[in-house]
Protein chains: 2
Amino acid sequence: MHDRRADRGPDVLTRPDVAIVGAGPVGLAIAWRCASRGLRVTVYDPAPGSGASHVAAGMLSPVAEAYFGEQELTGLLAESAARWPRFAADLAEASGADVGYRADGTLVVGLTADDLAEARRLWSYQQGLGLPITPLRPSELRDREPALAPRVRGGAVAPGDHQVDPRRLVAALRAAAERAGAVLRPSRVGALSELDARVTVVAAGCGAAALTGLPVRPVKGQVLRLRAPGRGAADFRHVIRGYADGESIYLVPRDSGEVVVGATVEERADTEVTAGGVLRLLRAAVDLVPGLAEYDLVEATAGLRPGTPDNAPLIGPLPGRPGVLVATGHHRHGIVLTPVTADLVTELIVTGEPDPLLAPFTPDRFGKEPRWN
Amino acid sequence: MHDRRADRGPDVLTRPDVAIVGAGPVGLAIAWRCASRGLRVTVYDPAPGSGASHVAAGMLSPVAEAYFGEQELTGLLAESAARWPRFAADLAEASGADVGYRADGTLVVGLTADDLAEARRLWSYQQGLGLPITPLRPSELRDREPALAPRVRGGAVAPGDHQVDPRRLVAALRAAAERAGAVLRPSRVGALSELDARVTVVAAGCGAAALTGLPVRPVKGQVLRLRAPGRGAADFRHVIRGYADGESIYLVPRDSGEVVVGATVEERADTEVTAGGVLRLLRAAVDLVPGLAEYDLVEATAGLRPGTPDNAPLIGPLPGRPGVLVATGHHRHGIVLTPVTADLVTELIVTGEPDPLLAPFTPDRFGKEPRWN
């Protein structure tokens, strides 16, 4: 038993200070940060790391993910991405494990003239916000990545958009949380009333809807994992975000030779891999980087992102339920938002005061009838 | 111990009459037929049914597989296909298992004008041989299979080209062989000298090259298995063999809702599934039958066909090795050729006289230096 506090009552040996539902990156990072502050933490999850993070590519893309009408989310993405290098270093020290943080930057490219126009429309908006993204001539693109197809019409570079490996992230966070004294229980929580803790944090991804009534809905994504032939490294270094005949995909190369190709965005709750989904991803990938045709196809999976009505996360007190906090709805941004979410939730638990950064993301922003239909 | 013969010598309890290397469809069918004739049979295979048959689609296509310059092979395909209905019925009775024999016929279709010209060139040749294949107008094609894409330019029907399920075939043959008294040993044969039997039959697929020195080489094929959504039946009944933008593929619908999509033909010996291979198969499949985009992709595998210099099998005595027979090199035709191969090899073992049908397929036809390079 782990105990750093002297002023506890009779429940000191059994009642945690913080009960966390969900052992994905967000739940585990909160557990690690809270346990490191001396709080007694228990995390409940029958299958840690089996949710959206298992399928996620791990792009840290505050710039390339800055979309029209999402300024507040864009600000939070930038804030969290800025925290990532320090977070990764702390985590490596605390866990003894590496999370595959790579700072090779991201190329945004368009295959056809129409695709390039679509890409340029977005990066012009991002430039207008003052974000670091710079257009490149086709020859400059190919100088940076000779693996790109000759017919790619143009693109831009976002040097500050990096990546980590989400599966290694979960393993490292789990090790760090347990080393700091957090306890993982492999049990499913059917209702918040089953838990007894000073503070409960719902970090259950799509499972948060049933536990809280908040408007979190599953958004299906199909993702492929390729492997360079002969198990060498991939023959490109940047993350590549491409538009190809109207399809928007990303290619994330890892040091191991793995290349993640994603992702469909489907308003469905099943996790079947479909012929059409795989076809769309492979066609766009091979059109953008022809050499990928020779790669082994080693995994095709589908996962469910926790989406919200405005695509932004739900972080803060659950309305009408004192002692319950929420940290979910991270949709396509769970990996990049892990550091800032963990920091802000931990501060809120320790001090009782919400950071002003949280104001746009409070769970009560969708009114009194939050259930999604 | 199984023993139906009265005149055996002192080795009667241990020495088999027939030792068979390889428990694929050909080896198991020979085992079943020989054991049914009262011979003592042992089959050696560390992984029965794990070779080419595990990946095979199971088309019984004597007509659509009749290619230019392969008249003798075409004759053997037709002979074996004619034996299939009786073979399937015998096997069902002997094994108690069903092999999924379906007689819905095969459609040959072309997506573009060029594809149709390619298909027509072949079926005109097949018609010239007197084989049963009949051109259809596009409207007639779609009346038969409304699932075909509207842009399919035309095609033909081969009503006598049927199908079975190769995995169910292996299971049934294994049961039938064992019920008839054959013994399966899960051991790998490294050299024919390890075996002691009156007759040895090498039915080891690609493995025959190392055991015999015959010119059998691996020809890689990548194959997908899709499943109709909701686990219903596929929405087409015919086997569809299509040409789509220069790609030649087949679609084989099963009663279970499974659809087999195949196959690449690659002069390689690895069994990796590649991004390019899957892309080619899915693109052609969805172009021909758009509804397949909604099917689940449940399996992507690669196998090795035992190819020979003239694409025809090697069936008969191994030159210079009395007492050794060969039944391999069936390439893309192992399933359709299983009945005739088993019948002719069994007759040869029992009577010592080769059937004239075997003359074009003797293993010595490639001369004195048979090893493939």
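Contact annotation: residue pairs with Cβ atoms under 6 Å, 6 or more positions apart or on different chains, pairing a residue in region A:277-292 that is at the interface with chain B (Cβ under 9 Å from one of its Cβ atoms) with a partner that is open to solvent by 10 Å² or more (accessible area, probe 1.4 Å) and assigned to a helix (DSSP H, G or I), are A:Leu279/B:Val286; A:Val286/A:Ala293; A:Leu292/A:Val286.
One residue stands out in region B:179-208 among those that are in contact (Cβ under 8 Å) with a residue 24 or more places away in the chain, out of contact with any strand residue (DSSP E or B) (no Cβ under 7 Å at 6 or more places or on another chain) and in a helix (DSSP H, G or I): the one that is nearest to B:Ser53 (Cα to Cα), namely B:Gly207.
Only one of B:Gly257, B:Gly316 is touching a residue at least 40 places away in the same chain (Cβ under 8 Å) and on the phi > 0 side of the Ramachandran plot; which?
Every option except B:Gly316 fails the conditions.
Just one of the listed residues (A:Ala327, A:Ala302, A:Ala312, A:Ala342) is small (Gly, Ala, Ser) and within 14 Å of chain B (Cβ to nearest Cβ), namely A:Ala302.
Among the conditions (1) within 14 Å of chain B (Cβ to nearest Cβ); (2) in a helix (DSSP H, G or I), the only one that A:Ile249 does not satisfy is (2). Restricting attention to region A:254-276, the residues being facing chain B (nearest Cβ under 8 Å) and of a type in the set (D, E, K, R) number 1. For first residues located in region A:321-335 and among the polar types (S, T, N, Q), partners that are open to solvent by less than 20 Å² (accessible area, probe 1.4 Å) and assigned to a loop (DSSP other than H, G, I, E, B) and lie 6+ apart or on another chain with Cβ distances below 7 Å form the pairs A:Thr328/A:Ala203; A:Thr328/A:Val216; A:Thr328/A:Pro313.
Is it the case that A:Gly49 is surrounded by fewer than 24 Cβ atoms within 10 Å (Cβ to Cβ), in contact (Cβ under 8 Å) with a residue 12 or more places away in the chain and at positive phi? In short, yes. Taking region A:246-273 as the range and being open to solvent by less than 10 Å² (accessible area, probe 1.4 Å) and under 22 Å from A:Pro218 (Cβ atoms) as the test, the residues that pass are A:Ile249, A:Val260, A:Val261, A:Gly262, A:Thr264. Counting the residues of region B:319-364 that are surrounded by 24 or more Cβ atoms within 10 Å (Cβ to Cβ) and assigned to a loop (DSSP other than H, G, I, E, B) gives 6. The number of residues in region A:71-123 that are open to solvent by 20 Å² or more (accessible area, probe 1.4 Å), touching a helix residue (DSSP H, G or I) at 6+ places or on another chain (Cβ under 9 Å) and outside any helix (DSSP H, G or I) comes to 5. Selection over region B:231-245 of residues that are at pLDDT below 95 and either crowded, with 21+ Cβ neighbours inside 10 Å or within 12 Å of chain A (Cβ to nearest Cβ) (or both) gives a count of 2. Checking each residue in region A:159-178 for being crowded, with 23+ Cβ neighbours inside 10 Å and either at pLDDT below 95 or in a loop (DSSP other than H, G, I, E, B) (or both) picks out A:Asp161, A:Val164, A:Asp165.
Of the residues examined, A:Val63 is one that is modelled with pLDDT of 95 or more, in contact with an Asp or Glu (Cβ under 6 Å, 6 or more places away or on another chain), of a type outside the set (Phe, Trp, Tyr) and more than 30 Å from A:Pro16 (Cβ to Cβ).
The values are calculated or read from the model by the stated rules, or taken from the named source; none is laboratory data. Just so it is clear, the structure is predicted and the values come from calculations on it, not from any experiment. For neighbour counting, all protein chains shown are included, and Cβ atoms are generated from backbone atoms with ideal geometry for every residue, glycine included. These accessible areas exclude ligands, DNA and RNA; they are computed on the full protein's heavy atoms, side chains included. Shrake-Rupley method; radii C 1.70, N 1.55, O 1.52, S 1.80 Å.
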